[in-house]
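Asker: Encoded as structure tokens, here's the structure I'll be asking about.
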């Protein structure tokens, strides 16, 4: 239960903060090569990232069985981003630990969170 709460609250707070930059100036965490690839400004790219984090938090809150994999994949992307330019290797290591915790949540949720049942419509 605590993993679910944590992986709902943290991405939600970080996602919302991308719009306010209260906790940190988030733009410095975007690798220069990703910034060049993005068709948007650095700020707009970070706003999109914030929106994705909010959606990931909601996915965990609603259906951790699936949402945990979304968060794990998102964290993998963050780790790759942070490892591709110097200065944030410590943050990358921390996020790798969070990725492992998200996979742990996904595994636990596969036992405790029932799968969605898809029904076929009979005509």
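Taken together, the values in this text are just the output of simple stated rules run on the coordinates, not laboratory data. These numbers come from a predicted model, not from an experiment. All Cβ positions, even for glycine, are placed from backbone atoms using ideal geometry, and neighbour counts span all protein chains on display.
Asker: When the distances between all Cα atoms of region 48-111 are binned every 10 Å from zero, what whole-number percent does each bin get?
Answerer: Using 10 Å bins, I get a P(r) of 24, 48, 24, 4 for region 48-111.
Asker: In what sequence do 117, 63 fall when counting other Cβ within 10 Å, fewest first? Present the calculation step by step, with values, prior to reporting the outcome.
Answerer: Working: 117 5, 63 16.
Exposure proxy ranking, most exposed first: 117, 63.
Asker: Still on this structure, I have one more. At 7 Å along Cα-to-Cβ for each site, give me the label-to-label distance between residue 100 and residue 52 in nm.
Answerer: Each label point is offset 7 Å from its Cα along the Cβ direction, giving 2.4 nm.
Asker: Which order do the peptides 46-52, 36-42 come out in when sorted by mean C-beta neighbours inside 10 angstrom, highest first?
Answerer: Numbers: 46-52: 17.4, 36-42: 10.6.
Most protected by this proxy first, the peptides run 46-52, 36-42.
Asker: Where does helix 2-20 land angle-wise versus the long Cα axis of the chain, in degrees 0 to 90, nearest 10?
Answerer: So the helix axis and the longest Cα principal axis differ by about 40 degrees.
Asker: Please report, for the Cα atoms of region 2-112, the Rg to one decimal and the Dmax as a whole number; what are they, in angstrom?
Answerer: Here Rg and the maximum Cα pair distance are 13.9, 42 Å.
Asker: Roughly what angle does helix 64-83 make with the longest principal axis of the chain, taking Cα atoms, 0 to 90 degrees, to the nearest 10?
Answerer: It is inclined by approximately 20 degrees.
Asker: Any idea what angle helix 89-112 forms with the longest principal axis of the chain, computed on alpha-carbon atoms, 0 to 90 degrees, nearest 10?
Answerer: Approximately 10 degrees, to the nearest ten.
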